[in-house]
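Remarks on the structure that follows.
The values are calculated or read from the model by the stated rules, or taken from the named source; none is laboratory data. Note that the coordinates shown come from a computational prediction; the quantities given were computed from them, not determined experimentally. A quick note on method: Cβ atoms are made from the backbone with ideal geometry, for glycine too, and the neighbour counts reach across all protein chains shown. SASA here: full protein model, heavy atoms, side chains in, ligands and nucleic acids out. Shrake-Rupley method; radii C 1.70, N 1.55, O 1.52, S 1.80 Å.
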Amino acid sequence: MADKRDYYEVMGVPKNASDDDIKKAFRKLAKQYHPDLNPGDKEAEAKFKEVNEAYEVLSDKSKRSRYDQFGHAGVDPSYNAGASGGSPFSQGVNVNMNDVEDIFNSFFGGFGGFGGMGGNRRRNPNAPRKGTNVTTTVTVSFEEAAKGCKKTVTYTNESVCSECHGSGAAKGSSPKTCPNCNGTGQVTVNQRTLFGNVSTVRTCDTCGGKGKIVDNPCPNCRGTGRKRTKRTVDVNIPAGINGEILQVGGHGNAGINNGPYGDLQVKVEVQPHPIFERRGNDVWCEIPITFSQAALGSEIVVPTLDGKVSYTLHEGTQPNDIFKLKGKGIPYLNGKNRGDQYVKVILEVPKRLSPKQKELIRQFDSSVDDKSYGKRKDFFDRIKDLFK
């Protein structure tokens with residue numbers, strides 16, 4: 001990490017730059033170093049990758065916050081500051097509904113009510129329970145989101161300890177039944193009040209609701225029965241995706257009591273493109289043309305997601321005219337049809353002309369009557385009375 005440049009330096013923005021400033025800087029640099037615009041230029045290709053890496057971090061509020069606080073270590077996937085509590089840079093927080101149930105039980109006595117009304121609802125601590133989900137993020141390019149791709153995702157989950165196989169006990173020993181709750185994981189507390197006897201079911205303090213006690217904990221997992229493990233999985237990114245969350249079954253955290261693993265939830269983030277802009281399933285872009293191409297008509301080359309195509313401009317094409325390339329947009333997610341591509345023509349006016357070129361333009365302008373200009377003629381017809 002020592003040879004990496006500061007991401008703000010890479011983007012050419014200050015540390016207090018706004019999201020819009022960072023996005024504008026990226027579009028400018030990406031267009032400057034894009035491989036399609038610099039074929040065979042290895043230095044430009046390296047800079048393009050560096051800009052992409054910097055933008056991926058600075059455009060994400062969570063990643064940017066970690067980077068501002070910890071530098072490159074805060075966003076490097078191989079960095080692990082975790083002890084028993086895991087890494088402070090974990091991708092998300094998952095809540096197990098069984099834990100929520102324990103909270104309800106501790107406050108409301110398992111819906112037992114006053115004087116035993118309704119009966120206490122107990123949960124078997126030895127019953128299999130599904131593990132919690134794990135959330136991570138993957139970044140794809142504009143083209144990858146449009147066409148679909150396969151990405152290798154790296155994440156960290158809680159797996160069953162390979163030494164104790166989830167029991168939490170060291171080899172040669174096993175957990176024993178909790179003497180305080182007799183293996184139920186819960187205890188009932190009876191209290192006499194002005195309203196009568198109140199029975200409250202609470203999680204057992206001795207075993208923490210597990211129903212078992214480990215006297216000789218496994219040294220590999222410190223008695224938890226679980227071990228944080230770095231894993232990779234190939235994820236298919238469908239064509240047309242636009243920020244959706246993909247769910248990969250069975251790749252989350254390990255279940256309890258041999259319960260099934262939770263799921264891996266992958267949030268797909270799409271990088272902006274230096275040329276194309278997505279609007280729904282349509283793609284928009286701008287193409288610069290010269291005056292002669294607009295006035296006389298011309299065959300121009302237009303970039304699309306499928307490669308370059310030819311398009312014939314008609315004579316008298318006006319600035320900001322828009323033409324459509326049918327079916328050249330983005331596929332509908334899980335569908336067969338595609339959107340269209342809209343191309344806006346931008347008239348480029350030369351900034352430096354020689355005296356001869358200027359004179360030729362003046363001669364041309366004086367030789368063309370107002371009828372040829374269309375809108376210009378209409379404008380002067382409407383205001384001619386002002387000059388009488």
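Screening L37 with (1) open to solvent by 40 Å² or more (accessible area, probe 1.4 Å); (2) closer than 15 Å to P272 by Cβ; (3) hydrophobic (A, V, I, L, M, F, W, C) gives one miss only, at (2). Tell me whether region 306-328 contains one or more residues that are under 30 Å from L246 (Cβ atoms) and touching a residue at least 60 places away in the same chain (Cβ under 8 Å). No: zero hits.
Selection of region 16-34 for residues being over 14 Å from P272 (Cα atoms) and either touching a residue at least 60 places away in the same chain (Cβ under 8 Å) or part of a loop (DSSP other than H, G, I, E, B) (or both) yields N16, A17, S18. Scanning region 35-60 for residues that are free of Cβ contacts under 8 Å to residues at least 24 places away in the same chain, among the acidic types (D, E) and assigned to a loop (DSSP other than H, G, I, E, B) returns a single hit, D41. Only a single criterion out of (1) at pLDDT 95 or above; (2) part of a loop (DSSP other than H, G, I, E, B) is not satisfied by K344, namely (2). Of the residues making up region 242-261, those that are out of contact with any Asp or Glu (no Cβ under 9 Å at 6 or more places or on another chain) and either hydrophobic (A, V, I, L, M, F, W, C) or open to solvent by less than 50 Å² (accessible area, probe 1.4 Å) (or both) are I245, L246, G255, I256, G259. The single condition among (1) modelled with pLDDT of 85 or more; (2) of a type outside the set (S, T, Y); (3) surrounded by 18 or more Cβ atoms within 10 Å (Cβ to Cβ) that P125 does not meet is (1).
Filtering region 221-241 to residues that are open to solvent by 50 Å² or more (accessible area, probe 1.4 Å) and either within 25 Å of P125 (Cα to Cα) or touching a Pro at 6+ places or on another chain (Cβ under 7 Å) (or both) leaves R222, T224, R226, K227, R228. Could you please find all residues in region 160-179 being in a strand (DSSP E or B) and touching a residue at least 40 places away in the same chain (Cβ under 8 Å)? Selection gives V160, A169. Please indicate, with yes or no, whether at least one residue in region 314-336 is more than 27 Å from F26 (Cβ to Cβ), assigned to a helix (DSSP H, G or I) and more than 32 Å from the chain's Cα centre (by Cα). Scanning region 314-336, I find no residue that is more than 27 Å from F26 (Cβ to Cβ), assigned to a helix (DSSP H, G or I) and more than 32 Å from the chain's Cα centre (by Cα), so the answer is no. Considered as a group, the residues in region 180-211 that are touching a residue at least 40 places away in the same chain (Cβ under 8 Å) and open to solvent by 80 Å² or more (accessible area, probe 1.4 Å) include one that is farthest from A127 (Cα to Cα), and that residue is F195.
Only one of the numbered conditions (1) modelled with pLDDT under 95; (2) polar (S, T, N, Q); (3) in contact with a strand residue (DSSP E or B) (Cβ under 9 Å, 6 or more places away or on another chain) is violated by S367, and that is (3).
Yes or no, residue by residue, for (1) farther than 30 Å from D36 by Cα; (2) of a type in the set (F, W, Y); (3) touching a strand residue (DSSP E or B) at 6+ places or on another chain (Cβ under 6 Å):
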| site | (1), (2), (3) |
| --- | --- |
| V198 | yes, no, yes |
| N220 | yes, no, no |
| V235 | no, no, yes |
| Q247 | yes, no, yes |
| N253 | yes, no, yes |
| G259 | yes, no, yes |
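Among the residues of region 262-292, count how many are open to solvent by 60 Å² or more (accessible area, probe 1.4 Å), farther than 30 Å from N157 by Cα and of a type in the set (K, R). Adding up the residues that qualify gives 1.
Among the residues of this structure, Y261 does not count as one that is hydroxyl-bearing (S, T, Y), touching a residue at least 40 places away in the same chain (Cβ under 8 Å) and not in a loop (DSSP other than H, G, I, E, B).
State all residues of region 40-70 that are polar (S, T, N, Q), closer than 14 Å to T137 by Cβ and surrounded by 17 or more Cβ atoms within 10 Å (Cβ to Cβ); if no residue qualifies, say none. Of everything in region 40-70, just one residue is polar (S, T, N, Q), closer than 14 Å to T137 by Cβ and surrounded by 17 or more Cβ atoms within 10 Å (Cβ to Cβ), namely S59. When both residues are 6+ apart or on different chains and their Cβ atoms are under 7 Å apart, which pairs have a first residue that lies in region 135-159 and is open to solvent by 20 Å² or more (accessible area, probe 1.4 Å), and a second that is part of a helix (DSSP H, G or I)? Listed pairs, sorted by first residue: T139/E56. Note on region 217-243: residues that are farther than 18 Å from T137 by Cβ, in a strand (DSSP E or B) and among the charged types (D, E, K, R) amount to 3.
The sole residue among K375, K358 that is open to solvent by 100 Å² or more (accessible area, probe 1.4 Å), modelled with pLDDT under 90 and over 30 Å from E244 (Cα atoms) is K375.
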